[in-house]
């Protein structure tokens, strides 16, 4: 019996367009439109006042400090208990 192989598919190579031409003709109008739409949307945002931001920042920082202290105390206590049990 004769070995029959299927023919190899032909490889098609496409030339790619030059990068600068592609960016200028295809991407730039979309980019400009995108930036314009972002500006319009950012104008619709209700931004917090500086006082609100400072107050929120202080609350978050204090919360982090207290949480770190709590975790440190718990870690210290648990390590002491384990050391007492291991002796």
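The values are calculated or read from the model by the stated rules, or taken from the named source; none is laboratory data. Predicted model, so just to flag it, every value in this text is computed and none were measured. Every residue, glycine as well, gets a Cβ built from its backbone with ideal geometry; the counts of neighbours run over all protein chains shown.
Every residue, every condition in (1) surrounded by 10 or more Cβ atoms within 10 Å (Cβ to Cβ); (2) at pLDDT 95 or above, yes or no:
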position: 30; (1), (2): no, no
position: 33; (1), (2): yes, no
position: 47; (1), (2): no, no
position: 75; (1), (2): yes, yes
Practice task
Kindly establish whether residue 23 is in a helix (DSSP H, G or I), at pLDDT 60 or above and either surrounded by 10 or more Cβ atoms within 10 Å (Cβ to Cβ) or touching a strand residue (DSSP E or B) at 6+ places or on another chain (Cβ under 8 Å) (or both).
Solution key: no
